[in-house]
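Take a look at the structure below.
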Amino acid sequence: MTDFTMEKGADGVAIITWDVPGKSMNVMSMEAWPVLEGLVDDALADDAVKGIVITSGKEGSFAGGMDLNVIAKMKEMAGDNPAQGLMDGLMNMHSILRKIERGGMDDKNKGGKPIAAALPGTALGIGLEIPLACHRIFAADNPKAKIGLPEIMVGIFPGAGGTTRLVRKLGAMGASPLLLEGKLNDPKKAKTAGVVDEVVPADELIAKAKEWILSEPTFVKPWDEKGYKMPGGAPYHPAGFMTFVGASAMVNGKTQGAFPAAKALLSAVYEGALVPFDTALKIEARWFTNVLMNPSSSAMIRSLFINKEALEKGANRPDVPDHKVKKVGVMGAGMMGAGIALVSAMAGMEVVLIDQKQEAADKGKSYTADYMDKGIKRGKATEEKKEKTLGLITATTDYAALEGCDLVIEAVFEDPGVKAEVTKKVLEAVGDDCIFATNTSTLPITELAKASDKPEQFIGIHFFSPVEKMMLVEIIKGKETGPRAVAKALDYVRQIRKTPIAVNDARFFYCNRCIIPYINEGIRMVSEGVAPALIDNAARQLGFPVGPLQLVDETSIDLGAKIARATRAAMGDDYPDEAVDEVIFWMEGEGRLGRKANAGFFDYDEKGKRQGYWAGLAEKYPQAEDQPDLIEVQHRLMFAQVLEAVRALEEGVLEDIREGDVGAILAWGFAPWSGGPFSWLDIIGTPYAAERCDQLTEAHGARFTCPDLLREMADKSQSFYGRFGSQAEAA
Ligand code: NAD
């Protein structure tokens with residue numbers, strides 16, 4: 001069986017069907033390219049064939065993208081010259097797709113055969129780049145289908161002609177959101193955007209494509225016609241000029257230049273727009289090779305595509321039977337509880353939402369109603385869906401309603417006494433098998449588990465706020481947590497379609513353990529007289545969504561002060577953050593509590609819009625005349641986090657570096673271009689990292705002391721993925 005097969009009809013239409021054996025969705029492999037080419041050659045040479053339809057044998061989808069092994073294989077194609085291998089491999093794909101696009105026409109656009117793409121549904125990446133090379137794209141009216149080029153999301157860009165063709169088809173302005181944001185559309189929206197040409201009823205898909213072929217259409221691509229002009233104007237046209245100035249500003253504003261793929265994509269678009277089509281493809285291939293040779297792209301693909309998916313599929317799930325949740329209890333209908341109830345009901349679970357007072361429980365439930373209303377307004381939900389979702393949530397004060405719950409998640413006040421009382425009362429109301437989870441962000445799970453007589457069924461399920469937006473869920477295993485509880489938590493996270501990491505219990509678990517030193521390093525620099533704008537911009541230029549000071553404003557100063565007091569009480573004389581606390585406590589005393597108070601490190605206008613940094617900060621902590629070098633600031637911010645990640649690995653809090661990397665990007669936006677803390681250390685190399693630790697320790701203090709593990713790895717020139725990657729894969 002091959003991935004592509006062809007059937008020539010008596011009506012003169014050859015149907016090429018893509019149907020990769022054993023896969024639920026087609027992916028393009030290295031081996032399938034020549035098969036496709038052979039079939040196209042055969043059909044074009046056969047006088048009985050009038051035209052070709054390329055479709056898929058999979059129900060509801062055309063293709064999900066390229067098998068990522070293709071990139072690895074191309075790199076090996078030219079011996080020890082991976083860039084040449086990539087360039088050759090890409091130019092080979094271009095020649096096959098160009099053959100489809102020319103359909104056998106001569107230089108004068110005479111002769112040839114029309115080729116249509118018929119998409120039963122989802123068409124992503126190469127799954128859209130092949131259709132873009134065809135003469136007309138038919139899509140089945142399948143509202144669940146997603147059509148687009150999401151490559152930029154994993155640190156690459158469409159490199160099989162998709163970039164060049166989409167810009168030529170839609171103009172730079174029209175193609176921008178699709179290429180730069182990886183925006184996916186359902187078929188109808190894809191038609192409105194101009195990506196597909198026709199949306200037809202699913203059961204008429206092939207018939208409509210055939211009808212078009214047999215109508216003897218003209219099918220020369222606009223860019224193969226003399227006098228072609230790019231929609232909206234090429235770069236030197238006044239209108240085109242504005243588009244490119246705008247796009248360049250937007251990309252740099254959004255990415256701060258930290259993401260190589262976005263820059264390379266823009267270059268490919270801009271330079272490609274100045275030259276004839278075939279040269280543009282070559283330029284696209286050069287920039288794509290450039291991106292694929294950048295360690296950032298392989299790190300991003302590894303973390304955001306391969307490993308993220310592996311974790312979602314249960315890479316670290318204990319081998320126990322299915323533990324899907326049917327009925328979940330949510331204790332506390334505050335900010336977190338309301339969000340947890342929402343995402344659970346959206347996933348089809350029955351939810352019991354409990355608070356101390358009925359009004360509080362109702363208010364928590366109304367969060368779902370408001371969320372659904374917003375969805376209806378944006379055309380993303382329906383009244384029926386709203387009613388169905390709300391119908392799944394019972395808001396009550398009555399613990400008896402918990403009967404039959406197989407999972408209860410507690411999100412009451414962050415107070416061990418309150419949590420213990422709630423735990424006991426819940427356990428009286430539920431069956432013996434029920435798993436009890438706490439959403440605490442700071443309290444040790446093992447301690448909280450003492451309130452339960454079944455600590456093996458007690459676990460941490462730590463959500464991030466806002467629950468419905470944040471894609472990561474951190475699962476925390478207490479000392480006595482058993483495999484059934486872990487499986488339940490992982491299955492639940494899978495049901496709500498988020499990404500889990502599972503870590504062991506320790507102060508602040510994994511994520512907050514790394515975020516806090518990042519924030520603290522930023523605040524410490526303020527106390528040293530470093531310009532606040534330098535601190536935040538240094539982080540943004542590393543690819544963090546917000547700098548540490550802005551992050552404190554968003555999460556609130558009083559939360560920081562509360563955590564600082566609790567940590568200080570727990571650590572006693574070992575407490576390392578005096579200088580940071582001085583700033584935090586002073587801000588708290590001044591009522592500069594952050595965005596929620598309309599006053600924090602930043603000033604805000606009456607509508608809550610962020611203005612500049614608060615002048616009072618510079619009065620209290622005058623800015624030093626000599627400001628540090630940007631790289632020094634960036635390294636302080638980076639090492640503060642990555643050394644915590646290494647310590648978490650060293651101490652066994654993290655068991656799998658994939659979780660450390662994926663978790664860091666999804667939880668707090670750790671420089672996604674780097675692939676995560678461990679990938680970043682691998683990019684800079686452990687020997688250099690250890691050397692920098694020594695320099696930073698000397699200049700700024702013991703918190704930068706090189707962890708023993710990193711030192712040992714540096715001495716042996718080991719990388720994290722070299723040493724721990726295969727273990728992770730075997731797990
Ligand atoms: P919140 O104050 O908004 O909500 C807590 C809710 O619990 C309130 O509605 C309160 O009435 C209810 N409650 C208190 N005692 C109760 C009891 N005995 N029985 C039933 N309900 C009771 O707090 P929140 O921000 O939603 O945080 C809840 C938990 O989630 C805390 O443990 C917190 O550490 C954790 N958490 C918070 C965040 C965050 O960003 N806010 C993030 C992760 C985890």
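Here are the numbers for the structure shown:
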quantity: Subset of segment 669-708 (residues that are under 29 Å from Val473 (Cβ atoms), aliphatic (A, V, I, L, M) and open to solvent by 20 Å² or more (accessible area, probe 1.4 Å)); calculated: Ile683
quantity: Residue list for segment 9-22, restricted to those being surrounded by fewer than 16 Cβ atoms within 10 Å (Cβ to Cβ) and touching a residue at least 12 places away in the same chain (Cβ under 8 Å); calculated: Gly9, Asp11, Asp19, Pro21
quantity: Tally of residues being surrounded by 16 or more Cβ atoms within 10 Å (Cβ to Cβ), part of a loop (DSSP other than H, G, I, E, B) and not aromatic (Phe, Trp, Tyr) across segment 257-299; calculated: 2
quantity: Per-region count, segment 460-485, residues open to solvent by less than 10 Å² (accessible area, probe 1.4 Å) and of a type in the set (D, E, K, R); calculated: 1
quantity: Criterion: at pLDDT 95 or above and either out of contact with any His (no Cβ under 7 Å at 6 or more places or on another chain) or assigned to a loop (DSSP other than H, G, I, E, B) (or both) - qualifying residue of Arg568, Arg636, Arg592; calculated: Arg592
quantity: Scan of segment 105-124 for residues that are open to solvent by less than 50 Å² (accessible area, probe 1.4 Å) and under 16 Å from Ile213 (Cβ atoms), ordered by number; calculated: Met105, Gly112, Lys113, Pro114, Ile115, Ala116, Ala117, Ala118, Leu119
quantity: Any chance Ala420 is touching a residue at least 40 places away in the same chain (Cβ under 8 Å) and within 12 Å of the ligand (Cβ to nearest atom); calculated: no
quantity: Options Glu480, Glu456, Glu468, Glu474; residue that is in contact with a Gly (Cβ under 8 Å, 6 or more places away or on another chain) and away from the ligand (no atom under 16 Å from the Cβ); calculated: Glu456
quantity: Options Val291, Val330, Val251; residue that is more than 23 Å from the chain's Cα centre (by Cα) and aliphatic (A, V, I, L, M); calculated: Val330
quantity: Residue list for segment 125-152, filter: buried (at least 23 other Cβ atoms within 10 Å of the Cβ) and either β-branched (Val, Ile, Thr) or touching a Ser or Thr at 6+ places or on another chain (Cβ under 7 Å) (or both); calculated: Ile126, Ile130, Ile137, Ala145, Ile147
quantity: Meets criteria (open to solvent by 40 Å² or more (accessible area, probe 1.4 Å), farther than 17 Å from Arg703 by Cβ and within 16 Å of the ligand (Cβ to nearest atom)) for Glu588; calculated: no
quantity: Test: Asp536 is out of contact with any Lys or Arg (no Cβ under 6 Å at 6 or more places or on another chain) and free of Cβ contacts under 8 Å to residues at least 24 places away in the same chain; calculated: yes
quantity: Among residues of segment 399-417, those that are away from the ligand (no atom under 11 Å from the Cβ) and not in a strand (DSSP E or B), counted; calculated: 7
quantity: Of all residues in segment 338-386 being of a type in the set (Ser, Thr, Tyr) and assigned to a helix (DSSP H, G or I), the one that is nearest to the ligand (Cβ to nearest atom); calculated: Tyr367
quantity: Test: residue in segment 312-328 that is basic (Lys, Arg), surrounded by fewer than 22 Cβ atoms within 10 Å (Cβ to Cβ), within 16 Å of the ligand (Cβ to nearest atom) and more than 16 Å from Cys405 (Cα to Cα); calculated: no
quantity: Residue among Leu630, Leu666, Leu593, Leu649 that is buried (at least 16 other Cβ atoms within 10 Å of the Cβ) and under 24 Å from Cys693 (Cα atoms); calculated: Leu649
quantity: Filter result (assigned to a helix (DSSP H, G or I), at pLDDT below 95 and open to solvent by 60 Å² or more (accessible area, probe 1.4 Å)) within segment 716-731; calculated: Ser726, Gln727, Glu729, Ala730
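The values are calculated or read from the model by the stated rules, or taken from the named source; none is laboratory data. Given the structure is predicted, the values throughout are model-derived calculations rather than measurements. In this analysis, Cβ positions are derived from the backbone assuming ideal geometry, glycine residues included, and neighbour counts consider all displayed protein chains. Accessible surface is based on the protein model in full, side chains and every heavy atom, while ligands, DNA and RNA are left aside. Shrake-Rupley method; radii C 1.70, N 1.55, O 1.52, S 1.80 Å.
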